[in-house]
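Student: Pasting a structure here, questions to come.
The values are calculated or read from the model by the stated rules, or taken from the named source; none is laboratory data. As the structure is a computational prediction, the values presented were derived from the model and not from experiment. Please note: Cβ atoms are built from the backbone with ideal geometry, for glycine as well, and neighbour counts cover all protein chains shown.
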Amino acid sequence: KQEVTQIPAALSVPEGENLVLNCSFTDSAIYNLQWFRQDPGKGLTSLLLIQSSQREQTSGRLNASLDKSSGRSTLYIAASQPGDSATYLCAAQIGSARQLTFGSGTQLTVLP
Amino acid sequence: DTGVSQDPRHKITKRGQNVTFRCDPISEHNRLYWYRQTLGQGPEFLTYFQNEAQLEKSRLLSDRFSAERPKGSFSTLEIQRTEQGDSAMYLCASSYDWNDEKLFFGSGTQLSVL
């Protein structure tokens, strides 16, 4: 059974700092690894999707990497802003149903 | 493209009552997923549809949970005889087809069982 773990559970940084969020998964048989953002009481917004054959994806200030052999992914956020404050979730897409197995998320607070 | 729509946004009910949630996926999206999210946790997969066919329902939490997608358009998730442990956010997501890896999520229905 696929298990996804995110560390740390919560993170608080001053504005402008670069930061890294970590995600690990137990089964390397994944289609892809996805990162989402969730604001309080809201649904999920897709940030980045890394195919199983890829090593990284970039979008603006965000960069996600994938190392299938070690079962790890990281989300790098450059020059953090207060508007980046949210919960960040990683998810491994698996199975014929292509369902997502999520981690518990990292709650990020960027202080002005 | 108006996004995935869920109704209601919030539902408060008494234990033992039945509740039904509705999800309208992005038009022309053939796949529809239901997830449940409890406080401080990531979403948990419940079930999914390919058009009107429900292809996986073994992950539904109990026989009190059921889902339908008549005519392959909107979907409903029903919980019968609600329990306090059913309190959670119920999320719907859709994708264009089985090979489309990007899912679009709705804003969810927050259920509170008193």
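Student: I need the full set of residues from the range B:7-44 which are crowded, with 21+ Cβ neighbours inside 10 Å and farther than 17 Å from B:PHE74 by Cα, in order please.
Tutor: Listed by number, the residues that qualify are B:ARG36, B:GLN37, B:GLY42, B:PRO43.
Student: Give me the pairs: first residue in the range B:64-85 and under 22 Å from B:ASN30 (Cβ atoms) and in a loop (DSSP other than H, G, I, E, B), second residue among the charged types (D, E, K, R) and modelled with pLDDT of 95 or more, beta-carbon distance under 9 Å, and six or more apart or on different chains, which are they?
Tutor: B:SER73/B:ASP24; B:PHE74/B:ARG22; B:PHE74/B:ASP24
Student: Any idea which of (1) closer than 20 Å to B:THR38 by Cβ; (2) within 10 Å of chain B (Cβ to nearest Cβ); (3) assigned to a strand (DSSP E or B) is the one A:LYS42 doesn't satisfy?
Tutor: (3)
Student: Of the numbered conditions (1) at pLDDT below 95; (2) among the hydroxyl-bearing types (Ser, Thr, Tyr); (3) over 14 Å from A:SER73 (Cα atoms), A:TYR31 satisfies every one except a single condition; which is it?
Tutor: Single failed check for A:TYR31: (3).
Student: Would you point out the residue of the range A:9-30, among those that are in a loop (DSSP other than H, G, I, E, B) and out of contact with any Ser or Thr (no Cβ under 6 Å at 6 or more places or on another chain), that is nearest to B:LEU91 (Cα to Cα)?
Tutor: Among those residues, the one meeting the criterion is A:ALA9.
Student: Within the bounds of the range B:34-50, is there any residue that is assigned to a strand (DSSP E or B), facing chain A (nearest Cβ under 10 Å) and more than 27 Å from A:SER104 (Cβ to Cβ)?
Tutor: yes
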